[in-house]
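> Take this structure, written in structure tokens, and hold onto it; I'll ask about it next.
The values are calculated or read from the model by the stated rules, or taken from the named source; none is laboratory data. Given the structure is predicted, the values throughout are model-derived calculations rather than measurements. Positions of Cβ are backbone-derived with ideal geometry, glycine not excepted, and every protein chain shown enters the neighbour counts. Just the protein is used for accessible areas: all its heavy atoms, side chains included, with ligands, DNA and RNA removed. Shrake-Rupley method; radii C 1.70, N 1.55, O 1.52, S 1.80 Å.
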Amino acid sequence: MFGLFEQKKETDPARFWKEYEEKCGEQVLAYTLGQYLSGWDDFNLSRRESLWGLLIATSGGFRFHHFPHEGWIQALSRVSSGGEAPKEQTLFIPKDQLTSVELRMEKSLLKKLFFPSSPRLVIRYGDAGGELVMETDQKAREIVMALSW
């Protein structure tokens, strides 16, 4: 219980990425932040839940990594009600399973002005025609470039 109030250690980004590469055994080529929307059966989310994480292009393929987090109020509530702590969630699509990777952005000026929306990273994969959709930012262009062949 007292661990909830411990000060978090600051993480050096370069060290984080070096450790991430060592852990997955692949070189990180590009990354950005994004929100999972659809396309991966292992992520069973309710309509109100959102799953934010890192979108990562590696030498071996595409990775999504959600790091669990909760505020101290949520932690106290969970502990008192006997609930489970949030869990780390990841997905990996090997590069040889990727069939297309694209960043979809609104092109209409009027829609951009009156109905702004974030770009969507759309990844098609596998023989069965799976389609993964993530909401992200324009930095995801680097992911598209890294995974394009």
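> Which residues, counting only those in the stretch 135-149, are within 18 Å of residue 60 (Cα to Cα) and open to solvent by less than 20 Å² (accessible area, probe 1.4 Å)?
Correct list: 140, 143, 147.
> Do you know which of the residues in the stretch 116-134 that are surrounded by 12 or more Cβ atoms within 10 Å (Cβ to Cβ) and closer than 9 Å to residue 99 by Cα is farthest from the chain's Cα centre (by Cα)?
Only one residue tops the list, namely 126.
> Quick one: is residue 92 at pLDDT 75 or above and surrounded by 11 or more Cβ atoms within 10 Å (Cβ to Cβ)?
Criteria met by residue 92.
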